[in-house]
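These notes concern the structure reproduced below.
The values are calculated or read from the model by the stated rules, or taken from the named source; none is laboratory data. Everything numeric here is computed off the predicted structure, so don't read it as measured data. Reconstructed Cβ throughout: ideal geometry from the backbone, glycine too, with neighbour counts over all protein chains shown. We work out accessible area using only protein heavy atoms, side chains counted, and drop any ligands, DNA or RNA first. Shrake-Rupley method; radii C 1.70, N 1.55, O 1.52, S 1.80 Å.
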Protein chains: 2
Amino acid sequence: MTPAVQAMTLDQLRLLVCVAEEGSFSAAGRRLNRAQSAVSYGISNLERLLGIQLFDRSGRRPVLTETGRGLLADAQQVLDAVGRMDARAQGAAGGLELEVNVAVDAICPPALIIALGKAFQERFSTVSLRLHSEVLAGIAGLVLDGTCRLGISGPVGSEGDGLERRFLAHLPMVPVASTGHALAGHPGPIPRARVRSEVQIVISQRAGATRSGDHGVLSATTWRVADAATKLALIRAGLGWGTLPLDLVREDLDQGRLTHLVLDHWGTDPLMAPLFAIMRADSPPGPAGRWLLAHLESMCQSCPELVAANEAED
Amino acid sequence: MTPAVQAMTLDQLRLLVCVAEEGSFSAAGRRLNRAQSAVSYGISNLERLLGIQLFDRSGRRPVLTETGRGLLADAQQVLDAVGRMDARAQGAAGGLELEVNVAVDAICPPALIIALGKAFQERFSTVSLRLHSEVLAGIAGLVLDGTCRLGISGPVGSEGDGLERRFLAHLPMVPVASTGHALAGHPGPIPRARVRSEVQIVISQRAGATRSGDHGVLSATTWRVADAATKLALIRAGLGWGTLPLDLVREDLDQGRLTHLVLDHWGTDPLMAPLFAIMRADSPPGPAGRWLLAHLESMCQSCPELVAANEAED
DNA sequence: GTCATCTATCACCTGAGCTGATAGGAGTCA
DNA sequence: TGACTCCTATCAGCTCAGGTGATAGATGAC
């Protein structure tokens, strides 16, 4: 650590900025309610510490040196950082969280999360938002172990585990396969027995998770993957079929890379997966987290297109 | 400005960080060569200023509060900014520039500039590099008016204007037209008269620039554009023909969107445009700028592929 | 030349923050 | 449980960084 770092003072930096803005030591003194000598003293102290002449005093009023102009920018950055810290502290003193951690299921439509984050940052500029992407019971895990106070989860878990659930929306899920896949060419509804003989790609959990339910598993052979992106990649590659949120496969369906499978016994309605907000009953989120939750609920109600992209598909 | 901002001290932030690292006030005092009471005093001062309890003192040793942990990160950021400022001041005190401004001709291969900037930032982490993109005599203008101490310019300007020139490399230039253009289908070398009747896209200057020479203007009708990107776009769109650096049109040539025109009177060799480094003789660049120049020269000599992409084209 | 206004520097003073001592609390170990 | 260790809070006392106000010299406007 160099000596300058040890001794430099925020006050000196504020002095530097103020003098640069006012264009004179005296004016800066007036604005800061300090004697002109104090300003002069402070600036020369800073110059001595940095080993650099910040102002050219040859004229009537001091004018920033070339290096002075450069270091002024650095001083501004330091003061900005201090200002941010102060704003955050101010918020925290008023009971606001400094960061909100949200566990988000990979099934969740990205558009929803993006809109949510945007609104949040606009409303709470001093609160950092941290998103943890997980799948299935992993969401509940992150909320239960305290990593996240809020989770956005698909339909897993049961009552009585200390979690409070709030229904958000229904996500349309569609069974799909690569257009080159055997099931894709099947004319009309595909009977259960036919599906059973094909490989199904299923999102699954590592060991140690809450029982993951296995709803919708039809095939005898399943491949388990840890996240939605991998599942989509495998299905795209034609390695099997599987159910994915409509939102995630819309583009692939439109461009013909994937085909929407019509399964015999599921009826014609798209499968709807419920999306829940979850939190621990004994440690509810703070003000910013509650605002986030409320905004999420209102968004799900008022803007269904965020949840299900365009509704024109079947 | 809130009161906390006014009174907060860098020393207090360093204290906070040190206590968090050491895990105890006493240990922090030992490391900082200060009495334990000073540390205790400083921390409680900071807490009072922020209106926040940073440490939980109920146990044997103080442990960071949740908000304390959040604000610790802010403190780190502030100290980082201070460290950067100090490093830059240190450099400036040793005669190093705080920023280097370079005027770069749009004709210049991006790969060269990228490699140059990368090497520069690695060598001078405290010096900001600012690139000003211009064309033709605009480069000399930026150097002459003092905005940039260094310029990388194509072949414009004359001697006796107070600029020092150093040859860097020859850039292969190729006359091209969109594949759908009338000239593109011409069998064998295209005679001058035939070229003359087509629109030529030429990079040109706004008023007030040094005379821009107009070398290589063959057609009777010319369209003038201000930058290479627009020129490329117009040629791609089939609005005319023009000469561009091989590097810039390589991909378009490979993919058949553009065609390399063989002009009768230019011979078979590719037209070579010289690239110069220019600077004012009376205000040479500082140490970092000189290093940049030297590195540029050595790169041009030792790595011709940076200047001319692959040489396999004709 | 006159004048207004700037900066540098001095003497002087005040208080923020340091030291060292002390009291009390929290863990640890026999 | 008691002894011991290591921690923190708090106090009195001191010191010097940084404040004030006055003054001298410089600079530019008129």
**OP:** Evaluate the stretch A:62-85: report whether one residue or more is closer than 21 Å to B:ILE52 by Cβ and within 16 Å of DNA strand C (Cβ to nearest atom).
**Re:** yes
Original post:
How about the stretch A:48-57: which of its residues are within 10 Å of DNA strand C (Cβ to nearest atom) and either open to solvent by 20 Å² or more (accessible area, probe 1.4 Å) or at positive phi (or both)?
Top reply: A:GLN53, A:ASP56, A:ARG57
**OP:** Answer yes or no as to whether B:MET8 is among the hydrophobic types (A, V, I, L, M, F, W, C), within 12 Å of DNA strand C (Cβ to nearest atom) and modelled with pLDDT of 90 or more.
**Re:** yes
Subject >> Residues (more than 7 Å from chain A (Cβ to nearest Cβ) and more than 25 Å from A:GLY83 (Cβ to Cβ)) located in the stretch B:73-95 >> reply: B:GLY91, B:GLY94, B:GLY95
**OP:** May I ask you to say which residue of B:LEU131, B:LEU112, B:LEU116, B:LEU144 is open to solvent by 30 Å² or more (accessible area, probe 1.4 Å), within 12 Å of the chain's Cα centre (by Cα), under 20 Å from B:ILE278 (Cβ atoms) and in contact (Cβ under 8 Å) with a residue 12 or more places away in the chain?
**Re:** B:LEU131
**OP:** Report yes if B:ILE107 is surrounded by fewer than 17 Cβ atoms within 10 Å (Cβ to Cβ), more than 15 Å from DNA strand D (Cβ to nearest atom) and β-branched (Val, Ile, Thr), otherwise no.
**Re:** no
Original post:
Going through the stretch A:4-46 one residue at a time, which ones are open to solvent by less than 50 Å² (accessible area, probe 1.4 Å) and β-branched (Val, Ile, Thr)?
Top reply: A:VAL5, A:VAL17, A:VAL19, A:VAL39, A:ILE43
Subject >> All positions within the stretch A:26-58 that are near DNA strand D (Cβ under 10 Å from one of its atoms) and in contact (Cβ under 8 Å) with a residue 40 or more places away in the chain >> reply: A:LEU49
Subject >> Selection status of A:LEU15, modelled with pLDDT of 90 or more, within 16 Å of DNA strand D (Cβ to nearest atom) and touching a strand residue (DSSP E or B) at 6+ places or on another chain (Cβ under 7 Å) >> reply: no
Original post:
Can you name the condition, by its number, that A:ALA92 falls short on among (1) within 30 Å of A:ARG14 (Cα to Cα); (2) open to solvent by 30 Å² or more (accessible area, probe 1.4 Å); (3) aliphatic (A, V, I, L, M)?
Top reply: (2)
Original post:
Residue check: is B:ARG61 of a type in the set (Lys, Arg), within 16 Å of DNA strand D (Cβ to nearest atom), touching a residue at least 24 places away in the same chain (Cβ under 8 Å) and surrounded by fewer than 21 Cβ atoms within 10 Å (Cβ to Cβ)?
Top reply: yes
